[in-house]
Amino acid sequence: MPFNTSDLQQTLEHHFKWFHRHPELSNQETGTTARIREILSTTGVTVLDTGLRTGLVARIGPEGNGKVIALRCDIDALPLSEASGLDYASEHASCMHACGHDFHLSAMLGAALLLKEQEQDLAGTVKLIFQPAEEGGGGAQQVLDSGVLDDVQEIYGIHVASELEAGIIAVSPGATYASVGSFRLVIQGKGGHAAAPHECRDPIVAAAQVINAVQSIVSRETSPFDQVVVSVTHIEAGTTWNVIPQEALLEGTFRAFSAEKLGTVATRIEQISRSIAEMYNMDAEYQWHCYTISTNNDPELCEFVVDTAKTLGLRVVPSTPQMSGEDFALYQQRIRGVFWNIGVGSLQGTHHPGFVADPAPLSTAAQLLAALGGAALERG
Ligand code: NI
């Protein structure tokens, strides 16, 4: 039975509001996964046995040979207390869909409905990835490790853009989401009575120097035409006013648009921290971790996304580079792909307690996902 767009929109809004009310954190998306499975099973869509603990992969297409295309959404929420004022706000304490993943997965359910309708006409297989744990929980790696993408030739991912008017599509070739690193620094001093600083080695003084000095990596060592972020975001030292503590902990993040630059920044934070610690006769323990590399949209496939969106009558603009990270980048290391945005016109940005995704472009997003899957199979 063919869907008309307003029926599809109504169905997807209904799903979207349910998922928005029931957010779950990374790697804990059991209720979300069960609900996705239930909705897919009522439409007869096959769910693959992937061994994923949360999240799932569905498959649509006639049996036989042909290309295999993947469409990817993510399904996890963030540890935030919602302050949107919506009548379908989160019912789970300190948990909120503040990054639009409820929008992505509802749009993907719409794409599943649309593709299922034309299953016998598809020129190959579409795999729909409902990825868990995008928010730092290793979800993309779990999907890759399951082997479910081993036969996939192209992959397309969706993400909402808060700053764009609802329904506008944004896409550009190359890197649009940043490489993201995190660091942890412990400065080891010597604690003691605050009245006798000369008998101590005060790690707070050293930590303060480090915080200021690492800012010069961006302001003095990076080209003004290059995009780099260094932020110290967590400090812990001391317990009271009259004791010099033994150690100071600093954590933070740094971001860039290439793995090389990310590595350079990581090394410079370490060198600066160690030098300052040494200057004050202290030790520094430094660790850093690459959370994700930058996304890398294939230029040819990017043009294909633009053309497909225009065929549907959508407005397409170039995307604005984001300093946030996306583990979709891990797929793109192995598979040609495009990560594109759809505007949801929120006054507040993603990861903000007041973030509100306009559900109006849900059916548009579903149609574009389905069109990309169907047309990518036919491109030969
Ligand atoms: Ni996100």
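The values are calculated or read from the model by the stated rules, or taken from the named source; none is laboratory data. These numbers were taken from a predicted model, which means no experiment stands behind them. Every residue, glycine among them, receives a Cβ derived from its backbone with ideal geometry; neighbour counts consider all protein chains shown. SASA here: full protein model, heavy atoms, side chains in, ligands and nucleic acids out. Shrake-Rupley method; radii C 1.70, N 1.55, O 1.52, S 1.80 Å.
Compute the distance from the alpha-carbon center of region 333-363 to that of region 265-317, in whole Å.
Each part reduced to its Cα centre gives a spacing of 19 Å.
Taking only the Cα atoms of region 181-335, how large is their convex hull per residue, in Å³?
137
What are the semi-axes of the equivalent ellipsoid for region 258-380, taken as the square roots of 5 times the Cα gyration tensor eigenvalues, largest first, in whole Å?
Ellipsoid half-lengths, sorted descending, are 40, 20, 11 Å.
Would you mind getting the accessible area per residue of region 179-292, heavy atoms of the protein chains only, 1.4 Å probe, in Å²?
With all protein chains present, region 179-292 gives 55 Å² per residue.
Would you pull out the residues with amide H under 5 Å of S26's amide H, same chain only if 5 or more places away, H placed 1.01 Å from N?
Result for S26 returns A77.
Taking only protein heavy atoms into account and a 1.4 Å probe, give the accessible area per residue of region 45-122 in Å².
Per-residue accessible area for region 45-122 comes out at 36 Å².
Let's see if you can work this out: charge +1 on each Lys and Arg Cβ, -1 on each Asp and Glu Cβ, no other charges. What is the dipole magnitude of the chain about its Cα centre, in debye to the nearest 20?
In debye, rounded to 20, the chain gives about 300.
How compact and how long is the chain, expressed as Rg and Dmax of its alpha-carbon atoms in Å?
Computed over the Cα atoms of the chain, radius of gyration and Dmax are 23.5, 82 Å.
Cα centroid distance between region 35-84 and region 151-210, in Å?
30
Between the DSSP loop rule and a limit of at most 14 other Cβ atoms within 10 Å, which trypsin sites (Lys or Arg not before Pro) in region 1-93 are left?
Passing both the DSSP loop test and the Cβ count: R53.
Might you work out the accessible area of C200 for me, using a 1.4 Å probe with all protein chains in place, and round it to the nearest 10 Å²?
Approximately 20 Å² of C200 is accessible to the 1.4 Å probe.
Among the lysines, which have Cα under 23 Å from the Cα of K67 when same-chain residues fewer than 8 positions away are ignored?
Within the straight-line cut-off, K67 pairs with K116, K127.
What ranking of I235, I204, I335 comes out by heavy-atom accessible area, probe 1.4 Å, highest first?
Reading off the accessible areas and sorting them downward yields I235, I204, I335.
Calculate what fraction, in whole %, of the accessible area of the chain sits on carbon and sulfur atoms when a 1.4 Å probe is rolled over the protein chains.
After summing per-atom areas, the C and S share lands at 50 percent.
Can you sort Y291, Y88, Y331 by solvent-accessible area, 1.4 Å probe, largest first?
From most accessible down to least: Y291, Y88, Y331.
Using the Karplus curve 6.51 cos²θ - 1.76 cosθ + 1.60 with θ = phi - 60°, what ³J(HN,Hα) values do you get for each residue of region 345-354, in whole Hz, with x for Gly and Pro?
3J(HN,Hα) across region 345-354, in whole Hz: x, 9, 5, 9, x, 5, 6, 10, x, x.
What 222 nm value per residue comes from the helices of the chain, counting each DSSP H run with n ≥ 4 as -39,500 (n - 2.57) and dividing by all residues, nearest 500 deg cm²/dmol?
-10500 deg cm²/dmol
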